[in-house]
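The values are calculated or read from the model by the stated rules, or taken from the named source; none is laboratory data. All figures in this text were calculated on a predicted structure; none of them were measured in a lab. Cβ atoms come from the backbone with ideal geometry, glycine included; neighbour counts cover every protein chain shown. These area figures cover heavy atoms from the full protein model, side chains too; ligands, DNA and RNA do not enter into them. Shrake-Rupley method; radii C 1.70, N 1.55, O 1.52, S 1.80 Å.
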Amino acid sequence: MIFDIIKVIGCLALLMFGMKTMSEGLQKFAGESLRKVLGAMTNNRVAGVATGAVVTAAVQSSTATTLMTVSFVNAGLLTLLQAISVIMGANIGTTLTAWIMAIFGFSLDLSQLSWLLFACAIPFIFSNSSSRKSFGEFLFGFAFMFLGLVTLRMHASEMNLQDNDAVVNFFIATGNWGFLSILLYVIIGGMLTLCVQSSAAIMAITMILCGTGVLPIYQGIALVMGENIGTTLTSNIAALSANTQARRAALAHLLFNLFGVIWILIIFKTFVRTVCGLWGVNPDEWGAATRTGDISTKLTYVLATFHTAFNVINTTILIWFTPLIEKLVCHVIKPKEEDEDFRLRYVPNGLMSTSELSILEARKEINLYAERTHKMYGFIGTLLYLKDENEFSKLFSRIEKYESISDRMEVEIANYLSKVSEGRLSAEGKLKIQAMLREISELESICDSCYNLARTLNRKFKGKEDFTEGQYGHIEHIMNLVDEHIRMMVSYLKDGARAIDPNSILNKETEINNYRTQLRDMNVQDVNDHKYPYQIGVYYIDMVGDFEKIGDYVINVYEARSGQKIPS
């Protein structure tokens, strides 16, 4: 018996691996197209629901769609209101999984199709083209999923659960408590899904138990209801350490399914009888009658029909209340106060997306890193003119804090990108990660130069010496040139060529370099003419050099993002 259970667990693992491989393969093969569809077709609630349903049905993962949606909310491409409607659609799209299992796993014998799919996938897997390789992974996942379903059905039938008195008596004993029995199985379904981390796996077990006549259909449908709650608990627990919008989206998903379970429980037996009636099944007949092949197959269709009806009706009701749901989740989950403490806003801490989708979150985090860098640079202009010792010390400490934050952001983003690169990525995705690693390194170098500028000003301040009026004017001019340079970099990171003409970035760098050279020559002449002390000249030319270095780092960031080499 123990060995039989291990075999069933192995079949479930095969099923889950197949669905995961199929989903990731399709996301790599058509991920960019899916993201464009998701970003463009959410102008209203109905379009959002339809988009969520189509994308989820395609990738066979409501979690992937939800995470993709949250990424778009973080990036400002979708509002939370639009995201809620997409998540509702994702709930409808995920019901296709139950139909695939009911039709291909319990109605048709597709054992030969699995091997055919494996054979067809081989040429694609070993192709040099990343898109064909991704399509091959999709076929492999599809084949593994079919193989898992076929072997699961075969081993479950070999176990003869319907003849196991201990199993049958357990379901009889726990099914005689009336409404409490239904609640118990809702809780069991939720907890099993939370533990297994796959509603599809629990759905497969439920279909087997009901199809073999071991589990009454009432309790089976209660398990399906629990699965709908359990799949949202997973994302809510993972989102505890994520950003505000991610937690709000996860909570909206939970509230959506929880509302559906509550109204279904109120009319439970009536609703179940209605669904069963569509397939000519009497839900009150349980036992030997349900063990015949025809009734067994119909029960799997009943479960799939209930799953679809539950989510479609629930969406039809709640789609008109999405603004209210948005207000509710925003009221429950307050935004974190903006501060200068270190934290990553867009890169999830516990809510890990699929590899391809994680790149979008990392990209947004790098954009925020660039904005922090520009803010730190702005402190230098203020520090330059401060004369009060107390105010100078406070701002200098603040710059030191920003430099520390910069170091930690670089490490954390780099670690996240390393984790992403461990997953299965397309060739384009790998190139993006390499570029982003260079970007964060150059941004951190800009922060280092800002800190060096602050240290130079600190040494000058403690030395009780000051720049001449002419030096202040020259420093301010090159500082403004570099500020414009950084502004263009930040805009380019956000919007690319649509925001900034690449030639203007190169022209600004040339202007900074020429002005740096001019100031160096002037400094040598001014020191020789005794217009200011030699030490002040050292401070002055050190600052000019750091400003010019920042310009070089800006160009490096542009080269990394654009993939183009800037001629020197």
(request) Mind checking the per residue accessible area of the stretch 385-487 for me, 1.4 Å probe, whole number of Å²? (result) 49
(request) Note down the magnitude of the dipole of the stretch 419-568 about its Cα centre, charges +1 on Lys and Arg C-beta and -1 on Asp and Glu C-beta and zero elsewhere, to the nearest 20 debye. (result) 600
(message) Going by average Cβ density within 10 Å per residue, which order do the peptides 484-490, 175-181 take, highest to lowest?
(response) 484-490, 175-181
(message) Below 13 angstrom from the Cβ of Phe306, what's the summed charge of the other residues (Lys, Arg +1; Asp, Glu -1)?
(response) +2
(message) Suppose a student asked you for the relative contact order of the stretch 179-285, using Cα pairs under 8 Å spaced at least 6 residues apart; what percent would you report?
(response) 27
(request) Mind giving me the nanometre distance, one decimal, between the label points for Thr79 and Ser393, set 7 Å out from Cα along Cα→Cβ? (result) 4.9
(request) With all protein chains present, calculate the accessible area of Thr97 using a 1.4 Å probe and round the result to the nearest 10 Å². (result) 10
(message) Let me check against my output: what whole-number percent is the relative contact order of the stretch 424-568, with C-alpha pairs under 8 Å and at least 6 apart?
(response) 44
(message) Starting from 0.36 nm per residue, how many nanometres of slack lie between Thr316 and Arg455 once their C-alpha separation is accounted for?
(response) 43.8 nm
(request) Using a 10 Å cut-off on Cβ atoms, rank the peptides 520-530, 209-219, 317-327, 254-264 from the highest mean neighbour count down. (result) 209-219, 254-264, 317-327, 520-530
(request) Past 28 Å, Cα to Cα, is the threshold; run Lys7/Lys419; Lys327/Lys401; Lys430/Lys494; Lys401/Lys565; Lys375/Lys508 against it and keep the listed order. (result) Lys7/Lys419; Lys327/Lys401; Lys401/Lys565
(request) Can you tell me the FRET efficiency between Val524 and Asn367 if r is taken as the Cβ-Cβ distance and R0 is 30 Å, rounded to the nearest 0.05? (result) 0.15
(message) Taking the full set of protein chains and a 1.4 angstrom probe, give the accessible area of Arg561 in square angstrom, rounded to the nearest 10.
(response) 50
(request) Keeping all protein chains in position, work out how much accessible area His253 exposes to a 1.4 Å probe, and write it in Å² to the nearest 10. (result) 10
(request) Please sort 385-395, 457-467, 402-412 by packing, taking for each peptide the average over its residues of neighbouring beta carbons within 10 angstrom, highest first. (result) 402-412, 457-467, 385-395
(request) Quick one: what are the phi-derived ³J(HN,Hα) couplings along the stretch 447-455, Karplus 6.51/-1.76/1.60 with θ = phi - 60°, whole Hz, x for glycine and proline? (result) 5, 4, 5, 4, 5, 5, 4, 5, 5
(request) Over the Cα atoms of the stretch 168-276, compute the convex hull volume and normalise it per residue, giving Å³. (result) 98
(request) Would you mind computing the Rg to Rh ratio of the stretch 375-435 from its alpha-carbon coordinates, Kirkwood style for Rh? (result) 1.29
(request) Estimate the FRET efficiency between Lys419 and Ser562 by the formula 1/(1 + (r/R0)^6), using the beta-carbon distance for r and 25 Å for R0, to the nearest 0.05. (result) 0.45
(request) Find out how many positive minus negative residues lie around Asp552, taking Lys and Arg as positive, Asp and Glu as negative, among other residues whose Cβ is under 11 Å from that of Asp552. (result) -3
(request) Please turn the phi angles of the stretch 400-414 into ³J(HN,Hα) values with the Karplus equation 6.51 cos²θ - 1.76 cosθ + 1.60 (θ = phi - 60°), one per residue in order, whole Hz, x for glycine and proline. (result) 4, 5, 5, 5, 5, 4, 4, 4, 6, 5, 4, 5, 5, 5, 4
(request) Would you kindly derive the ³J(HN,Hα) couplings of the stretch 198-210 from the backbone phi angles with the Karplus curve 6.51 cos²θ - 1.76 cosθ + 1.60 (θ = phi - 60°), listing them in order in whole Hz, with x for Gly and Pro? (result) 7, 5, 5, 5, 5, 4, 4, 4, 4, 5, 5, 5, 6
(message) Distances longer than 19 Å among the Cα atoms of the stretch 467-564: what percent of all pairs is that?
(response) 44
(message) Straight-line reach from Lys464: which lysines fall under 23 Å, measuring Cα to Cα and dropping same-chain residues less than 8 apart?
(response) Lys387, Lys394, Lys531
(request) Work out the FRET efficiency for Asn480 and Thr174 from their Cβ-Cβ distance, taking R0 = 51 Å, and round it to the nearest 0.05. (result) 0.10
